[in-house]
Amino acid sequence: MADPRDFLLNTDYEMDQVVLVKTGTVAAGTTEIAHGLPFTPLVFGKCASRDSFSDSTSFPYMSSSANDPVLFEVRANNAILRIINNTGGPMHYRIYGLEPANCTESVGPTRNTAQTFILNTDLNYRKLYAKGSVQLGSQQVIAHNLGYIPQVMTWYEDSNGLVRLSTTPNATVNNNVISFSGTAPAIIHYRIYYDEA
């Protein structure tokens, strides 16, 4: 089989399926909105102070201040999205959610929230190598044996069941394995891609 890194899109390899799309604007502070899914989605996305998204940045959006480092972040549990906006003003968001690896629930299509361009082969679509979760408390090692450092996404689930895109260095990636470390009872959800980091 051909090297998946040579393709922008290759349907021989699994791709992420977005099961949640939410867009809107929130005032400063914490806002909770129902996501309507029967499980906790793995959320990621963009935020911006301009509704054109010309100044967009990925969240979590962090400041350099040690006193209040999180400016914009989204967390999820099995019922709600908790949007934290510490920027001091309104923020626009585009939130996307993926299904966790252990999920067996059915979800409806997101086509009613998608733009006209569903696939654009000018863009790279990451090819999914593996997905799963690990319970922290002792070092957990996942072998990928790709021979190079792959792209990886991780989400941190705390003891209250709140999941957020991981910003802490709890994963170490090399050419053959990914090592996860941290304190129990946290869980790390991960996705490993054939695409090179």
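Could you check how many residues of region 147-172 are buried (at least 18 other Cβ atoms within 10 Å of the Cβ) and farther than 20 Å from residue 43 by Cα?
Residues that pass the stated criteria total 1.
Quick check on my filter: what residues within region 30-54 are loosely packed, with under 14 Cβ neighbours inside 10 Å and at pLDDT below 95?
36, 38, 50, 51, 52, 54
Residue by residue, here is whether (1) within 18 Å of residue 126 (Cα to Cα); (2) over 17 Å from the mean Cα position of the chain (by Cα); (3) in contact (Cβ under 8 Å) with a residue 12 or more places away in the chain holds:
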position	(1), (2), (3)
155	yes, no, yes
162	no, no, yes
167	no, no, yes
170	no, no, yes
174	no, yes, yes
181	no, yes, yes
185	no, yes, yes
190	yes, no, yes
194	yes, no, yes
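Strands (runs of 3 or more DSSP E) wholly in region 147-197 with at least 2 residues that are in contact with a strand residue (DSSP E or B) (Cβ under 7 Å, 6 or more places away or on another chain) and over 22 Å from residue 96 (Cβ atoms) - which ones?
Correct list: 171-173, 177-180.
Which of (1) surrounded by fewer than 17 Cβ atoms within 10 Å (Cβ to Cβ); (2) modelled with pLDDT under 95 is the odd one out, the single condition residue 134 does not satisfy?
With respect to (1) surrounded by fewer than 17 Cβ atoms within 10 Å (Cβ to Cβ); (2) modelled with pLDDT under 95, residue 134 is out only on (1).
The values are calculated or read from the model by the stated rules, or taken from the named source; none is laboratory data. Remember, it's a predicted structure, so these values are computed and weren't measured experimentally. Glycine also receives a Cβ, built like all others from the backbone with ideal geometry; neighbour counts cover every protein chain displayed.
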